[in-house]
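The values are calculated or read from the model by the stated rules, or taken from the named source; none is laboratory data. Predicted model, so just to flag it, every value in this text is computed and none were measured. Note: ideal-geometry Cβ built from the backbone for every residue, glycine included; neighbour counts use all protein chains shown.
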Ligand SMILES: Nc1ncnc2c1ncn2[C@@H]1O[C@H](COP(=O)(O)OP(=O)(O)OP(=O)(O)O)[C@@H](O)[C@H]1O
Ligand SMILES: [Mg+2]
């Protein structure tokens with residue numbers, strides 16, 4: 001076999017955790033190799049080791065049949081290994097071209113001048129059939145386009161092995177198709193791709209080989225054609241695939257949030273959203289569908305007061321909250337799971353106990369002047385979240401940054417739900433979460449809804465949206481264009497309304 005990567009007995013431990021345990025994995029050259037496994041299984045750790053960001057405690061790595069040791073990303077790049085991070089590292093106010101050449105360290109392509117760079121990058125783009133306007137500013141690109149820039153950036157540095165850690169988590173379905181088309185083109189041109197995802201359908205669509213990790217160990221590597229979705233799920237979590245639990249009781253008549261004709265414009269006169277009205281009732285999950293950038297994010301942010309509105313009214317539990325501050329809104333019973341956990345929901349270099357208090361400094365149980373009381377309550381609360389939501393961590397003193405991505409997400413969801421809100425705004429609540437934990441969160445959302453919670457659910461996962469919501473409204477170009485009962489809508493229908501093809 002012609003191998004791009006061959007690891008032998010890689011192990012890596014962190015305080016209290018064996019993140020990788022004797023991992024021996026073979027990745028064939030010019031193949032697409034998926035790595036799957038539960039949150040905290042050790043997938044990202046293995047990738048960081050291959051990219052020279054983390055040093056293994058033991059074990060050997062061969063790259064293209066040569067023994068290799070990467071002690072920095074720079075060395076990994078010189079060996080032909082490139083990584084696209086989930087959190088893009090692009091400078092917004094620079095052009096695509098400037099971003100691609102920013103920080104080039106490789107002698108062979110250093111200090112060449114803009115014109116020459118442009119020509120060389122265009123060659124790379126045409127070799128791999130990747131298309132993007134090099135003169136656009138990065139801030140004007142969609143998420144999928146930004147990701148493409150990151151990919152071109154590593155290919156331009158000579159990557160022959162491309163590592164993508166959950167690349168599809170941030171993409172809408174159309175963008176996923178585009179990415180997969182590009183990855184197949186790369187494969188045809190001898191690039192090897194290592195790809196992490198929690199979405200088994202996607203894995204089965206794109207991967208040649210699939211490796212399953214569990215609790216730091218590599219359980220098995222299998223050929224795509226020899227494995228079914230059910231078998232994969234069982235290898236990963238030891239049980240079968242979860243589906244959203246069945247909908248139960250009727251919703252109540254009591255309006256928890258009532259939005260009346262709100263409109264918002266940006267400083268340059270562009271409309272974020274126009275004349276939007278809807279309400280969410282007690283014991284109801286209202287789903288919001290929409291391709292990113294159609295105003296739904298701004299609408300949701302206007303409910304918690306981080307986005308201004310020019311006209312219209314927002315009522316929460318019967319009271320007009322237009323003039324309330326964000327803090328007042330949160331304290332009066334609105335919880336918020338933002339789409340970006342690392343930027344908006346947690347402070348990464350603080351421990352879990354402190355992360356449970358964020359935004360709640362003023363509520364009774366944490367307000368005490370006695371630091372000890374405060375800490376005791378916060379420790380209790382974070383222990384509670386950890387156990388109810390199955391967050392994998394040694395203890396509450398662990399820094400948020402030391403949690404795996406999915407476990408950070410579980411912690412945020414748990415914190416917001418355990419706060420007893422009357423309205424929960426949940427934006428992509430199960431993004432990056434493994435299929436077992438996803439069913440746990442679905443169940444908790446359902447339970448809370450049955451107990452009276454009003455939920456505003458924004459999700460790019462259409463099956464999740466349809467499965468959980470009582471009603472769905474569709475956003476298109478800053479307005480709500482359709483309201484549907486989730487009982488009689490398919491993902492395809494929904495996709496049609498979202499892209500304006502269906503009316
Ligand atoms: N910098 C770190 N310090 C301490 N512990 C860490 C660190 N990075 C990872 N860990 C721990 O190592 C284990 C494996 O984490 P890793 O990020 O590799 O999981 P993962 O498979 O990528 O999970 P996810 O699907 O949630 O992203 C976890 O228990 C995590 O808490
Ligand atoms: Mg990870």
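Filter the range 389-402 for residues that are near ligand 1 (Cβ under 9 Å from one of its atoms) and either farther than 17 Å from residue 215 by Cα or surrounded by fewer than 23 Cβ atoms within 10 Å (Cβ to Cβ) (or both) and give the result. Those that are near ligand 1 (Cβ under 9 Å from one of its atoms) and either farther than 17 Å from residue 215 by Cα or surrounded by fewer than 23 Cβ atoms within 10 Å (Cβ to Cβ) (or both): 392, 394, 398, 399, 401, 402. Would a scan of the range 288-296 turn up a residue that is in a helix (DSSP H, G or I), in contact (Cβ under 8 Å) with a residue 24 or more places away in the chain and on the phi < 0 side of the Ramachandran plot? Yes, there is a match, as at least one residue in the range 288-296 is in a helix (DSSP H, G or I), in contact (Cβ under 8 Å) with a residue 24 or more places away in the chain and on the phi < 0 side of the Ramachandran plot. Against the test of being away from ligand 1 (no atom under 14 Å from the Cβ) and either modelled with pLDDT of 95 or more or closer than 30 Å to residue 502 by Cα (or both), the options 422, 439, 382 yield a single qualifying residue, 422.
The number of residues in the range 418-432 being under 15 Å from residue 284 (Cα atoms), out of contact with any helix residue (DSSP H, G or I) (no Cβ under 6 Å at 6 or more places or on another chain) and buried (at least 22 other Cβ atoms within 10 Å of the Cβ) comes to 3.
Per-residue answers, yes or no, for (1) surrounded by fewer than 17 Cβ atoms within 10 Å (Cβ to Cβ); (2) in contact with a helix residue (DSSP H, G or I) (Cβ under 7 Å, 6 or more places away or on another chain); (3) modelled with pLDDT of 95 or more; (4) farther than 25 Å from residue 235 by Cβ:
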residue	(1), (2), (3), (4)
140	yes, no, no, yes
152	no, yes, yes, yes
164	no, no, yes, no
167	no, yes, no, no
170	no, yes, no, yes
177	yes, no, no, yes
211	no, no, yes, no
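Tell me whether the range 421-439 contains one or more residues that are touching a residue at least 40 places away in the same chain (Cβ under 8 Å), within 16 Å of ligand 2 (Cβ to nearest atom), under 16 Å from residue 360 (Cβ atoms) and not in a loop (DSSP other than H, G, I, E, B). No, the range 421-439 contains no residue that is touching a residue at least 40 places away in the same chain (Cβ under 8 Å), within 16 Å of ligand 2 (Cβ to nearest atom), under 16 Å from residue 360 (Cβ atoms) and not in a loop (DSSP other than H, G, I, E, B). Screening the range 452-463 for residues that are modelled with pLDDT of 90 or more and within 19 Å of residue 439 (Cβ to Cβ) and picking the one that is farthest from the chain's Cα centre (by Cα) gives 453. In the range 370-388, is there at least one residue being surrounded by fewer than 19 Cβ atoms within 10 Å (Cβ to Cβ) and closer than 23 Å to residue 171 by Cα? The answer is no, given that none of the residues of the range 370-388 is surrounded by fewer than 19 Cβ atoms within 10 Å (Cβ to Cβ) and closer than 23 Å to residue 171 by Cα.
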